[in-house]
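Written out below as structure tokens is the structure these notes cover.
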Amino acid sequence: MSDTLGRNTQMVADTKDTVTIIREAQQASTIRMTQFESEIKELTKDHNMVKLISDDHEKRISSIEEGHRRRKWFIGILATACGFGSTVAGWMLTHWGAIQEVIHNGADAQ
């Protein structure tokens with residue numbers, strides 16, 4: 001009987017030790033879980049900040065690209081106008097004698 005009582009006492013003591021170990025593990029796990037949740041919240045906040053900055057940069061890049069397209073279009077129009085003007089000036093230089101003749105004859109006709 002005392003042998004059985006001793007084994008029961010030992011089992012109760014082991015059970016108490018096991019319960020204490022489990023509670024300590026749960027407490028440590030709860031602390032780690034709280035830290036993990038805090039890290040996740042911080043990472044989510046950082047991710048949102050990066051997303052906002054990325055969106056802002058995309059808008060700026062889009063604006064710069066639009067300005068580049070406008071300048072390129074304007075330079076093309078300007079180059080076309082300069083080409084046309086130089087063509088007219090070249091034609092006038094090559095036909096200057098004929099132009100003067102038409103102007104001179106036109107003045108005599110009046």
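Some points to look at:
- Accessible solvent surface per residue of the chain, calculated while the other protein chains remain in place, 1.4 angstrom probe, Å²: 93
- Average projected area [Cα convex hull, the chain], square nanometres: 13.9
- Highest-fluctuation residue, GLN35, GLN27, GLN100 considered, GNM on the chain with Cα pairs under 10 Å: GLN100
- Stokes-Einstein diffusion coefficient of the range 71-110, Kirkwood radius over Cα pairs, 20 °C, 1.002 mPa s, in µm²/s: 177
- Residues in the range 32-42 carry Karplus couplings, in order, of 5, 5, 5, 4, 4, 4, 5, 5, 4, 4, 5 Hz; the curve used is 6.51 cos²θ - 1.76 cosθ + 1.60 with θ = phi - 60°, and Gly or Pro positions show x.
- Per-residue 3J(HN,Hα) values for the range 19-29, derived from phi via the Karplus relation 6.51 cos²θ - 1.76 cosθ + 1.60 with θ = phi - 60°, read 5, 4, 4, 5, 5, 5, 5, 5, 5, 5, 5 Hz in sequence order (x marks Gly and Pro).
- Carbon/sulfur fraction of accessible area - the chain, other protein chains in place, 1.4 Å, %: 64
- Count of lysine pairs in the chain with Cα separation under 28 Å (8 or more residues apart, or interchain): 5
- Between the C-alpha center of the range 33-81 and that of the range 1-30 there is a gap of 61 Å.
- Computed as a quarter of the hull surface, the mean projected area of the alpha carbon convex hull for the range 6-50 stands at 2.8 nm².
The values are calculated or read from the model by the stated rules, or taken from the named source; none is laboratory data. No experiment lies behind these values; they were computed from the predicted model shown. Surface accessibility is based on the protein's heavy atoms, side chains included, excluding ligands, DNA and RNA. Shrake-Rupley method; radii C 1.70, N 1.55, O 1.52, S 1.80 Å.
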